1. Does the range B:111-121 include one or more residues that are more than 8 Å from chain A (Cβ to nearest Cβ) and in contact with an Asp or Glu (Cβ under 9 Å, 6 or more places away or on another chain)?
2. Which of the residues spanning the range B:28-72 are of a type in the set (D, E) and within 16 Å of ligand 2 (Cβ to nearest atom)?
3. Looking only at the range A:264-278, decide whether some residue is over 29 Å from A:I96 (Cβ atoms), away from chain B (no Cβ under 14 Å) and aliphatic (A, V, I, L, M).
4. Kindly indicate the residue of the range B:152-164 that is within 13 Å of ligand 1 (Cβ to nearest atom) and open to solvent by 10 Å² or more (accessible area, probe 1.4 Å) and also farthest from the other protein chains (Cβ to nearest Cβ) among those meeting that condition.
5. From B:N89, B:N99, grab the single residue that is touching a residue at least 24 places away in the same chain (Cβ under 8 Å), closer than 28 Å to B:S140 by Cα, under 17 Å from the mean Cα position of the chain (by Cα) and within 13 Å of another protein chain (Cβ to nearest Cβ).
6. Considering only the range A:8-23, how many residues are assigned to a helix (DSSP H, G or I) and open to solvent by less than 80 Å² (accessible area, probe 1.4 Å)?
7. Name the residue, out of B:G103, B:G82, B:G8, B:G39, that is assigned to a helix (DSSP H, G or I) and of a type in the set (G, A, S).
8. Quick check: is even one residue across the range A:262-272 open to solvent by less than 20 Å² (accessible area, probe 1.4 Å) and either farther than 29 Å from A:G137 by Cβ or part of a helix (DSSP H, G or I) (or both)?
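The values are calculated or read from the model by the stated rules, or taken from the named source; none is laboratory data. Owing to the predicted nature of the structure, the values given are computational and were not obtained by experimental measurement. No Cβ is skipped: glycine too gets one built from the backbone with ideal geometry, and neighbour counts run over all protein chains shown. Only protein heavy atoms, including side chains, enter the accessible area calculation; ligands, DNA and RNA are left aside. Shrake-Rupley method; radii C 1.70, N 1.55, O 1.52, S 1.80 Å.
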Amino acid sequence: MTATEARRPSPIEVERQAFRRRQTARSVLVGAASTIVFAAAIALLILFSPGWPKVQQSFFDPVAWVGAWPRVWDGFLLNLQVLGISVVGVAVFATIIAFLRTLRGAVWFPARFLAAAYTDLFRGLPLIIVLYLVGFGIPGLLQQRVPVLVLGPVALIITYSAYVAEVIRAGIEAVHPSQRIAGRALGLTHGQTLRMVVLPQAIRKVTPPLMNDFISMQKDVGLISVLGAVDAVRAAQIETATWGNFTPYVLAGVLFVVLAWPMIRLTDWLSARMQRREQVGGAA
Amino acid sequence: MSVLSVQGVWKSYGDRAVLRGIDLEVAAHEVVALIGASGSGKSTLLKTIDLLERVDDGRILLGGDDITDPRADPDGVRARIGVVFQSYNLFPHRTILDNVTLGLRAVHRVPRDEATRRGAELLERVGLADHASAYPDRLSGGQQQRAAIARAVAAGQELLLLDEVTSALDPLLVGEVLELVRELKADGTTIVMATHEMAFARDVADRVVFLDAGEVCEQGPPAQVLGAPREPRTRAFLARFLPS
Ligand SMILES: Nc1ncnc2c1ncn2[C@@H]1O[C@H](COP(=O)(O)OP(=O)(O)OP(=O)(O)O)[C@@H](O)[C@H]1O
Ligand SMILES: [Mg+2]
């Protein structure tokens, strides 16, 4: 690569650049001003509405906020652990299910059938039912206590793998068939072609929907409170009883939103970028 | 002995016979050009040779082994043959060097260092050394096809199949790809290529095979088949190509 030699821009270009800078500055100012006005209007509306003092007392009580923090935070850490284990489990399990559904040939009919039945069943079954079945069924079956760090992830993995497997399969099918042929022509086996050629391209294509599933998993991890574990939601429930208002729930809610927010922004940005690429023509 | 021997091969799609008893011998270091109208079965023949399509009848021998025998290992056979199609050859998520060395590493179990060394050497030869770490979408069509050809011969394949490797390219880029094919011929690579580039076939091929409606209608040295065709069908086909 050769460095482009430094060239003095023509007066026309200088003028254009100056104009664009002024335009940018202007739109930033307009945006900021309108945001401030808008926020002020809403704040006034809320603060001077007759019900506000009562609402603040029930949902935004600073004392309850600080008091509930330690327990809710500890509970939230449990949610994070369950989430971490589940994400790894879903990645592995969903890929296997998607792989089974791509197998061709009569021998593999049972595997294909089971994989399809699995995705159909668990996409239809509410997570909360799976949680109850796993959470109370497995300990009952084994006749012993099973830690929440096992039960929670098992239920989440079972449910979410069904969705994620379908997304991955859609990605696999969206990879141009000639890529598979090119892989086979090189002497790669079916498995190698899938692993080295098709899957990496498939995952790229379905990254935004995959991330959406991840985001909804971040929220659904709060449902493990039905197992009796003291996670953020259950902790908030306990603290609510202590303080006599609902601020601990708001606190737990804020924690979940803060957890999900970066992922949501990232997903938005990625989808927008991919869409732009497609419009430009993109890679072959 | 022939590198490739196609013996009475039939292939149908539905009830339409696309290959109707094809016989073709290709000797070591020979370059054979397949010509024929669109739909005459050139691509289908190349696909049956690479076992991407199964023959309905007849046999194909590669280096004396019957590769159409159901007991033959298709992955092993494909590893011995290099193929380049018209387009969509390279893996878009891998760098050019990775594309070229993937077969060496994954199929031929060459250690990574060794594969990288050989890949770099090969890219140097095809004039793409500067692009080793680029992704395919950063290359021109001609550069992509040259990389695809490099990948197809990277493991020292016995036979190279080229299916209209220049037909998706700008006329300006055709030359560089054909130049590479010419170099491979000079190195002694055995090549079967389907092409619409009559001038190139005349120039580089040792033999031209004219396919018509799934049959070998006429074959021989390029000067004879293209210059003084014996069969009326060959003449009719060429008349459309070389109007004069
Ligand atoms: N997968 C398929 N299913 C059904 N018919 C097919 C299939 N592949 C090819 N054909 C048919 O077989 C015939 C021969 O096709 P083939 O691709 O071999 O022609 P070709 O000589 O390579 O033509 P071209 O010069 O246009 O590439 C065509 O009529 C085509 O429609
Ligand atoms: Mg063709």
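1. Our first condition is that a residue be more than 8 Å from chain A (Cβ to nearest Cβ); within the range B:111-121, this holds for B:111-121.
Next cut, in contact with an Asp or Glu (Cβ under 9 Å, 6 or more places away or on another chain) only: B:119.
Among the residues of the range B:111-121, at least one is more than 8 Å from chain A (Cβ to nearest Cβ) and in contact with an Asp or Glu (Cβ under 9 Å, 6 or more places away or on another chain), which makes the answer yes.
2. If we filter the range B:28-72 for residues that are of a type in the set (D, E), which is where we start, we get B:30, B:50, B:53, B:56-57, B:65-66, B:69.
Residues satisfying the conditions are B:D50, B:E53.
3. Residues of the range A:264-278 that are over 29 Å from A:I96 (Cβ atoms), as a first pass: A:265, A:268-269, A:272-273, A:275-278.
Still in the running and away from chain B (no Cβ under 14 Å): A:265, A:268-269, A:272-273, A:275-276.
Now narrow it down to the ones that are aliphatic (A, V, I, L, M): A:272.
Yes - at least one qualifying residue is present in the range A:264-278.
4. Filtering the range B:152-164 down to residues within 13 Å of ligand 1 (Cβ to nearest atom) leaves B:161-164.
Cutting the leftovers down to open to solvent by 10 Å² or more (accessible area, probe 1.4 Å) gives us B:163-164.
Details: B:D163: 10, B:E164: 14 Å.
Only one residue fits best here, namely B:E164.
5. B:N89
6. Within the range A:8-23, the first condition is being assigned to a helix (DSSP H, G or I), and the residues that meet it are A:11-23.
Those still in the list that are open to solvent by less than 80 Å² (accessible area, probe 1.4 Å) too: A:13-14, A:17-18.
Result for the range A:8-23: 4.
7. Numbers: B:G82 fails: assigned to a helix (DSSP H, G or I); B:G8 fails: assigned to a helix (DSSP H, G or I); B:G39 fails: assigned to a helix (DSSP H, G or I).
Going through B:G103, B:G82, B:G8, B:G39 in turn, just one is assigned to a helix (DSSP H, G or I) and of a type in the set (G, A, S): B:G103.
8. Step one: of the range A:262-272, the residues open to solvent by less than 20 Å² (accessible area, probe 1.4 Å) are A:267.
Next cut, either farther than 29 Å from A:G137 by Cβ or part of a helix (DSSP H, G or I) (or both) only: A:267.
Within the range A:262-272 (the criterion being open to solvent by less than 20 Å² (accessible area, probe 1.4 Å) and either farther than 29 Å from A:G137 by Cβ or part of a helix (DSSP H, G or I) (or both)), the answer is yes, since at least one residue qualifies.
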